[in-house]
Every structure is written in structure tokens, then in C-alpha cells.
Amino acid sequence: MDFELSPQQAEFRDLIREFARRSIAPVAREWELSGRYPAEIVEEMKKMGLFGILVPEEHGGSAVDAVSYAIVFEEISKAWMGIAGILGSHSLATWMLARYGTTEQRRRWLPALATGQRRSGIALTEPGAGSDLQGIATVARRDGAGYVVNGTKTWITNARHADPLPVLVKTDPEAEPRHRGMSILMIEAGTPGFSVGRDLGKLGYKGTESAEVFLADCHVPAENLLGGEEGRGLQQALSALEFGRVNIAGRAVGVAQASLERALAYARQRHAFGRPI
Ligand SMILES: Cc1cc2nc3c(=O)[nH]c(=O)nc-3n(C[C@H](O)[C@H](O)[C@H](O)COP(=O)(O)OP(=O)(O)OC[C@H]3O[C@@H](n4cnc5c(N)ncnc54)[C@H](O)[C@@H]3O)c2cc1C
């Protein structure tokens, strides 16, 4: 197996590395500690097209390969992993839309998501269900031309900036097996009954918000059902999370690489017993 980067991938890595060195690293420590939202960095990522890395070219994205996708998260996380969080679930939402959305849904949302003019995330977790997603309690009941959604999501990355936000719901709470009754609804910001709660406190990984999302008699049009077919939601979400492991792994490599580089630099300049430690 060839682990070398292609010339295009190496050029892309250099571009992201330079961006992280120039615009992220100098502010990372201060903004992480203060919890300041990195709005300027987001604007630069929009100009670089980073919100469209998993959007097909026909919808205005660059649809990079999986290695280049990992490179984005590795290089950014070397400087500040919090910034990777801003791109991570957004990119997975675009991946889900591109893969499972109807033609109309792809045309409607992907172009603005590709530029970052609109942003997104993924709302799966609830106060009572995380690993066991089939145990979610958010219910979408059919009502005329749409659904009425009630429930609470928590720990939702990018919640305050997401529009639309893919939300995992139960369209048939009695279904057996349970996943057959699960679907994803694309809920737009400003929909009555949709609100974002407080930002949850974190020890680290700041920069991007993790927030609660409340759905109280939230009316969502039927055309916002991802893929137009009920009962596909868990599979759609889990396959996005599976591809998302590439970005999680990229972050881990980036943080480990940066830690090693800093430890080595320190060990070379720190002297003890008359020589570098
Ligand atoms: C910073 C941050 C950002 C997040 N962003 C998002 C987001 O954007 N969207 C979203 O939907 N969610 C998000 N989450 C939530 C995350 O996906 C959940 O925390 C995760 O799925 C685990 O769920 P839980 O916290 O409810 O833990 P639980 O499911 O309660 O698990 C607690 C512990 O028990 C273990 N465990 C669970 N079941 C078993 C078992 N059967 N046997 C043995 N051990 C078990 C788990 O491995 C874990 O260690 C985020 C979380 C964090 C911290």
C-alpha cells in the first residue's frame, strides 16, 4: 500500500498548514481559554471553500478525497482542535444530504452549505440517549402536510449556527425493530418551536459551541424528510458517523503530532545535568 501523498494532496496539505500556522495558531491558546467564538477564522474558512469539502462539484463544493479530508482535520487540529469541530459535523451534514437527499433537497441546501453562507451540524444525542440512539425520545407525528416534532437534543455542535440542522427523530415510536421507526428531518433555523438553549460548559475543545436544542410543537414540512422516505434515519446517521471517523482520526493524529513536536523542541532546549534532557 502506498502511503505517500500525491502531489495534489501535498500541495493541499501545505495550503491548510500555512492557513493554520498563520491564522489559527497565534490565537488558539487565548481564545480556547476565554471561550471566544473564532468568527474571523470561520470567515477565512468560507473564503477557502472549506465548508464545501464534501459537497459535490455540481453543487458548488470540491468533494475532496478521504485522504485530503483527513489532512484538513489533521493540520487544523495541530493548531487548535476546536476549529476542527466547526467543520466536522457541518461536513457530515453535507455528506448525508449529498448521499441521501432528494434531488430537490440537494439543490435547495447544498450550494449555500458549500460556501458556508449556511452552516450545519447533526442532532442525534438526547439527555436520555447517546450511545443507544435507538432509545431517543424525540417524536415527529404526521400532521397534514408535515410533522409536529417534540423533544430535546443535547451536546449539539454548531447548534447556534446550523440552518438547516438534521435532527434524528422517531416517526414511528412503536416500530420493531426500533430503527425502522427512525428518520431525519432537516429543520431550518427560525422554524417556530425550534430553539437553541444554553452552551454547555466544557473543560476544553472550546471554539465551537455544544448546546441544547429544544423542539416544542415544531412544525416541519414533509419535504424536509431526508431522502423523502421514513425509517431510514438511523442508517443515514450511522453511515455519516462512520465516514466521520476519518475526521476524528485526523484530529487525533494532528493533536498527537503537535504534542510530539512541542515535547521534542522542549527536550532539546531544556538542559539538566549539563546537557539537553
Ligand atoms: C464535545 C462534544 C460534542 C458533541 N457533539 C455532538 C453533536 O454534534 N451531535 C450529537 O448528536 N451528539 C454530540 N455529542 C454527544 C456524543 O455523541 C455522546 O456523548 C456520545 O454518543 C455518548 O453518549 P452519552 O454521552 O449519552 O454516553 P452514554 O451512552 O451514557 O455512555 C456513557 C459511557 O458508557 C459506555 N457504555 C454505553 N453503553 C455501554 C454498554 N452497553 N456496555 C458498556 N459500556 C457502555 C460508553 O462507551 C460511555 O463510555 C457531543 C459530545 C461532546 C462531549
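The values are calculated or read from the model by the stated rules, or taken from the named source; none is laboratory data. Because the structure is a prediction, the values reported are computed rather than measured. Every residue, glycine as well, gets a Cβ built from its backbone with ideal geometry; the counts of neighbours run over all protein chains shown.
All but one of (1) within 16 Å of the ligand (Cβ to nearest atom); (2) in contact with a Ser or Thr (Cβ under 7 Å, 6 or more places away or on another chain); (3) part of a helix (DSSP H, G or I) hold for Leu215, so report the exception by its number.
Among (1) within 16 Å of the ligand (Cβ to nearest atom); (2) in contact with a Ser or Thr (Cβ under 7 Å, 6 or more places away or on another chain); (3) part of a helix (DSSP H, G or I), the lone unmet condition for Leu215 is (3).
Quick one: is Gly190 in contact with a Gly (Cβ under 8 Å, 6 or more places away or on another chain) and touching a residue at least 24 places away in the same chain (Cβ under 8 Å)?
Details: in contact with a Gly (Cβ under 8 Å, 6 or more places away or on another chain): no; touching a residue at least 24 places away in the same chain (Cβ under 8 Å): yes.
No: the conditions fail for Gly190.
Regarding the stretch 109-117, can at least one residue be identified that is more than 10 Å from the ligand (Cβ to nearest atom), more than 22 Å from Ser195 (Cα to Cα), in contact (Cβ under 8 Å) with a residue 12 or more places away in the chain and crowded, with 21+ Cβ neighbours inside 10 Å?
Yes - at least one qualifying residue is present in the stretch 109-117.
Since Ile53 meets every condition but one in (1) closer than 11 Å to Asn247 by Cβ; (2) touching a residue at least 60 places away in the same chain (Cβ under 8 Å), which condition does it not meet?
So the condition that Ile53 fails would be (2).
Kindly evaluate Gly190 against the criterion of being assigned to a loop (DSSP other than H, G, I, E, B) and away from the ligand (no atom under 14 Å from the Cβ).
On the way: assigned to a loop (DSSP other than H, G, I, E, B): yes; away from the ligand (no atom under 14 Å from the Cβ): yes.
Criteria met by Gly190.
Quick check: anything in the stretch 138-155 within 15 Å of the ligand (Cβ to nearest atom), more than 24 Å from Gly82 (Cα to Cα), free of Cβ contacts under 8 Å to residues at least 60 places away in the same chain and not basic (Lys, Arg)?
No, the stretch 138-155 contains no residue that is within 15 Å of the ligand (Cβ to nearest atom), more than 24 Å from Gly82 (Cα to Cα), free of Cβ contacts under 8 Å to residues at least 60 places away in the same chain and not basic (Lys, Arg).
State whether the residues of the stretch 2-11 include one that is of a type outside the set (A, V, I, L, M), in contact with a Lys or Arg (Cβ under 8 Å, 6 or more places away or on another chain) and not in a loop (DSSP other than H, G, I, E, B).
No, the stretch 2-11 contains no residue that is of a type outside the set (A, V, I, L, M), in contact with a Lys or Arg (Cβ under 8 Å, 6 or more places away or on another chain) and not in a loop (DSSP other than H, G, I, E, B).
Residue check: is Pro127 within 13 Å of the ligand (Cβ to nearest atom), over 24 Å from Pro38 (Cβ atoms) and at pLDDT 95 or above?
On the way: within 13 Å of the ligand (Cβ to nearest atom): yes; over 24 Å from Pro38 (Cβ atoms): yes; at pLDDT 95 or above: yes.
Considered against the rule, which asks whether it is within 13 Å of the ligand (Cβ to nearest atom), over 24 Å from Pro38 (Cβ atoms) and at pLDDT 95 or above, Pro127 comes out as yes.
For the subset of the stretch 33-44 comprising residues that are out of contact with any Ser or Thr (no Cβ under 9 Å at 6 or more places or on another chain) and modelled with pLDDT of 95 or more, which member is nearest to Asp199 (Cα to Cα)?
My answer is Ala39.
Residue check, Pro276 against (1) modelled with pLDDT of 95 or more; (2) not assigned by TED's automatic domain parsing to the domain that holds Glu176, all met but one. Which one?
(1) is the only condition that Pro276 fails.
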